[in-house]
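First the structure, in the form of structure tokens, and then the observations on it.
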Amino acid sequence: MFLTNGIFTSESVAAGHPDKVCDQISDAILDAFLALDPQARVACETFAADQKIIVAGEFRTQNAAHFECIKSQAESIVRRTLHAVGYTHEDVDINPDKCEIEIRFNHQSPQIASGVDQDTGDLGAGDQGLMFGYATDESKGLMPLAWSLSNELLVIGTDLKKQPNCPLRADAKAQVSVRYYNGLPVAVETVVLSWQHTSEVSIESLRTYLEREVVDVVIPLSLRSPHFRLFINPAGAWTIGGPKGDTGLTGRKIIVDTYGGSCPHGGGAFSGKDPSKVDRSGAYMARYVAKHVVASGLAKKCTVQISYAIGYAQPISVSLDLHGTGAVHESLIEQAMLQIFDFTPRGIINELNLLRPIYQNTASLGHFGHWRDPGIYLWEATPHIAKLLQAVREKVGNL
């Protein structure tokens, strides 16, 4: 959704949100497989409810012993992840040491395997589908402003949680509404911040604390509308969170993971999937290309769409939309984009070095933006700006 005039809202959730915990567990399992076998095929889902975690999926490794090794380690991986998130006790979230964990690992279907790993040596797409990538000059990291601010609220609060006697617990949600005028963000209209807390703190004290230590740090007066509204824990006390307060499921926060609703979404989740699954790698590539376009100054906003058919290496379609902000006609940039970037699954994996165990950290604070180190998460790097500009200049010169 692209606003010219009006209010746009995005939300984010903390690492202790039950859906995000499930994402982190699924990606921790993925990382464990990739550490042993970079060519492993992984499709891992996690479900959390009260004091039970279920981890299930389909896997393939070159060495059968690797499958058995990770299966045997899966329970300890889950417990480590729950501890790292900050869960503590069955009365308020989940007990990492005592909760019930069920592991259901299966082998990848040979029919899917034969379509992906082809006799020719090509790597076919692991599924059909469509992916979007987006970049905008609204904020550092070239991400939408409302999404960036809502994540920043969680970053500040999570850092506070590490301090002694902090009243904050692991689960939290943030929401920011930004007013646009003539296509530009001009003010923050509303902030909603809900944070799980200890029972010792009163709701009034908690609201004062979060306003002073979190909201005022992230949303200065200069950013606020004259009609600015703030809602902190609007439902009142929130002492029970995590899987004790709500069920969690891998892949249920796909808008939080991407651009906060600022651009279309193909519908595919990322976490728990190895990069042969273009739901993940294709979306990373689309972001990579869109960021190149905006970082090079060729546009202020850019959306890239890619689509695939399962088992085919070449994408079915690649398109680009500059939303009227392009420095040159978008057809010229699209031609240059197709000339420079390889959109096949193998080309994406090689370009972005995706066979490394780097994924667990992407499962909180989104997969894109300035919280992702471009030296590690290469889809946030922009090494081909000079090539892209040169290719566009050649296209313009040939008109």
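Karplus-derived 3J(HN,Hα) values for the range 348-354, using 6.51 cos²θ - 1.76 cosθ + 1.60 with θ = phi - 60°, are 5, 4, 5, 4, 9, 6, 8 Hz; glycine and proline are entered as x. For Tyr259, no residue has an amide H sitting under 5 Å from its own, ignoring neighbours fewer than 5 places away on the same chain, with H placed 1.01 Å from N.
The lysines within cross-link reach of Lys300, meaning a Cα-to-Cα straight distance under 28 Å and a gap of 8 or more places when in the same chain, are Lys140, Lys253, Lys291, Lys387, Lys395.
The slack between Ser317 and Glu204, meaning 0.36 nm per residue of separation minus the straight C-alpha distance, is 35.3 nm. What longest range of the chain stays clear of loop-exposed trypsin sites (Lys or Arg not before Pro) (DSSP non-H/G/I/E/B, at most 11 other C-beta within 10 angstrom)? It works out to 163-399.
Specify which labelled value, from (i) 51; (ii) 41; (iii) 59, agrees with percent of Cα pairs over 31 Å apart derived from the coordinates of the model shown. So the structure-derived entry is (ii). 3J(HN,Hα) couplings calculated from phi for the range 183-196 with the Karplus curve 6.51 cos²θ - 1.76 cosθ + 1.60 (θ = phi - 60°) are, in sequence order, x, 10, x, 10, 6, 8, 8, 8, 10, 10, 9, 10, 9, 4 Hz; Gly and Pro show x. For the chain, the Cβ-based charge dipole about the Cα centre amounts to some 680 debye (Lys, Arg positive; Asp, Glu negative; other atoms uncharged).
Throughout, read-outs are computed from the coordinates displayed, never taken from laboratory work. Everything numeric here is computed off the predicted structure, so don't read it as measured data. Cβ coordinates were reconstructed from backbone atoms using ideal geometry, including for glycine residues, and neighbour counts include every protein chain displayed.
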